[in-house]
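**Q** Okay, handing you the structure first.
We did not get these values from a lab; they are worked out from the coordinates using the rules stated. The shown structure was predicted, so the numbers you read here are calculated from the model rather than taken from an experiment. Neighbour counts are summed over all protein chains in view; Cβ atoms, including those assigned to glycine, are modelled from backbone coordinates with ideal geometry.
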């Protein structure tokens, strides 16, 4: 069933930032494919959209599995006929541990989801966007403050988020010939169900535990909506949206 609306796909749409972005897009006249591993959580997001949920499609998918990603994008094309926006958001945090104590399985899980997942989705998005009429589209990667500086005991997450920056740049370059724009949003301490521990205290580089300021996740939603609203001949290459007083500038 083709649509006259712009079509977006959001990974990790069942919770956290992905959920809020999916809802913002639905409420701003997008048809949205919500992808994630937990169908029940995706259906809760669709329900939270109210009447706008009629333009949503929830798809259970594992972004670390190439076959699952391929099926996800095939379902997107079959339902809506095209893809205008991909928000690569799915990611995991593995157990906090000093570098020498990181289990290889945890390292691999981080790379498989946070990096390979974004690559696989980008690859499938390219295949749709370059073939559709009108051609082109936009990809926005969820980087992180960790794409710039690490937290203690977070080598796997930090390494994958630094790598996302390289993926963003390569996607921008390789996408030029297909009119595919790619940008990255680096988010710091947006208040969601996944960041509650920051308000209770989190380990700092000096070994102390400190409560960190957070900001409303709606600031992130508004930023992504702005990035998505630009014509394809304009692009926000990188944007940082963060709680003003969080430890980052000046490293504390």
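**Q** Could you work out the pair-distance distribution P(r) of the chain from its alpha-carbon pairs, with 10 angstrom bin width and percents rounded to whole numbers?
**A** Whole-percent P(r) values from 0 Å outward: 7, 32, 38, 18, 5, 0.
**Q** Additional query: Mind sorting 149, 209, 69 by how few other Cβ atoms lie within 10 Å of their own Cβ, fewest first?
**A** Working: 149 14, 209 9, 69 24.
Fewest to most other Cβ atoms nearby, the residues stand as 209, 149, 69.
**Q** What angle do you read, to the nearest 10 degrees and between 0 and 90, between the alpha-carbon axis of helix 66-80 and the longest principal axis of the chain?
**A** So the helix axis and the longest Cα principal axis differ by about 40 degrees.
**Q** Could you tell me the distance between the Cα centroids of segment 31-53 and segment 177-252, to the nearest Å?
**A** Segment 31-53 and segment 177-252 have Cα centres separated by 23 Å.
**Q** Arranged by the count of other C-beta atoms within 10 angstrom, fewest first, what order do 246, 215 take?
**A** Values: 246 16, 215 19.
Ascending number of Cβ neighbours within 10 Å: 246, 215.
**Q** So for 70, 161, fewest C-beta neighbours within 10 Å to most, what's the order?
**A** Fewest-to-most ranking of 70, 161: 70, 161.
**Q** Nearest 10 degrees is fine. How inclined is helix 39-48 to the longest principal axis of the chain, computing both from alpha carbons?
**A** 80 degrees
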